[in-house]
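Undergrad: Dropping a structure here in structure tokens format, bear with me for questions.
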Amino acid sequence: LRDVSTALETLAEPVIMMRGHTITSVNHATLETFGYESKSELEGQGVTVLMQTPEASKHSSFVDRFERTGERRIIGKPRVVTGKRKDGSSVSLTLSVSPCAAPGEYIGILYRRTEAEARAKAETELR
């Protein structure tokens with residue numbers, strides 16, 4: 001587990017671990033992307049602190065529906081979202097959320113849109 005934690009911490013992409021709707025862990029890239037200085041500013045907070053209003057208002061229903069029915073509306077399906085930085089400004093991201101082995105725990109990996117678009121273009125050119 002230590003090796004996994006080290007790998008997640010050093011990823012260039014933001015990684016957010018959640019239990020239910022609460023942030024339990026973030027990596028350094030999350031702090032940089034959202035303009036926070038320390039993990040303690042985010043850990044223990046509701047994950048909606050990182051979302052603009054449209055996404056924040058839908059978050060609970062998506063997670064609750066998945067936990068109740070297993071229906072994957074956002075879980076396991078990458079989608080474009082608008083994140084909210086600490087200063088209130090927006091950041092365009094691609095979000096991929098996956099359930100962890102423990103019920104009610106999730107990992108979210110974010111890609112800054114410019115990086116995600118560049119990666120998709122490079123992959124297309126390689127084909």
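The values are calculated or read from the model by the stated rules, or taken from the named source; none is laboratory data. Since the model is a prediction, treat every value here as computed from it, not as a measurement. Glycine gets a Cβ as well: all are built from the backbone with ideal geometry, and neighbour counts include every protein chain shown. Accessible surface is based on the protein model in full, side chains and every heavy atom, while ligands, DNA and RNA are left aside. Shrake-Rupley method; radii C 1.70, N 1.55, O 1.52, S 1.80 Å.
Undergrad: If you check every pair at least six apart or on different chains, which have Cβ atoms under 9 Å apart with a residue in segment 38-49 that is within 12 Å of HIS28 (Cα to Cα) and among the charged types (D, E, K, R) first and a residue that is part of a helix (DSSP H, G or I) and open to solvent by 40 Å² or more (accessible area, probe 1.4 Å) second?
TA: The qualifying pairs are LYS39/HIS28.
Listed here are the residues, each with its yes/no results for (1) more than 11 Å from the chain's Cα centre (by Cα); (2) assigned to a strand (DSSP E or B); (3) of a type in the set (Lys, Arg); (4) modelled with pLDDT under 85.
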position	(1), (2), (3), (4)
LYS77	yes, no, yes, yes
GLY88	yes, no, no, no
ALA102	yes, no, no, no
TYR106	no, yes, no, no
LEU110	no, yes, no, no
ALA118	yes, no, no, yes
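Undergrad: Of the residues that make up segment 3-16, is at least one part of a loop (DSSP other than H, G, I, E, B), open to solvent by 60 Å² or more (accessible area, probe 1.4 Å), at pLDDT below 95 and not polar (S, T, N, Q)?
TA: At the first step, the residues of segment 3-16 found to be part of a loop (DSSP other than H, G, I, E, B) are 11-14.
Next, only the ones that are open to solvent by 60 Å² or more (accessible area, probe 1.4 Å) stay: 11-12.
Narrowing further to those that are at pLDDT below 95: 11-12.
Filter again for not polar (S, T, N, Q), leaving 11-12.
Yes, that holds for at least one residue.
Undergrad: Restricting attention to segment 1-26, which residues are over 13 Å from LEU42 (Cα atoms), in contact (Cβ under 8 Å) with a residue 12 or more places away in the chain and of a type in the set (A, V, I, L, M, F, W, C)?
TA: LEU8, LEU11, ALA12
Undergrad: So, in segment 17-55, of the ones that are charged (D, E, K, R) and either part of a loop (DSSP other than H, G, I, E, B) or modelled with pLDDT under 95 (or both), which residue ends up least open to solvent (accessible area, probe 1.4 Å)?
TA: GLU55
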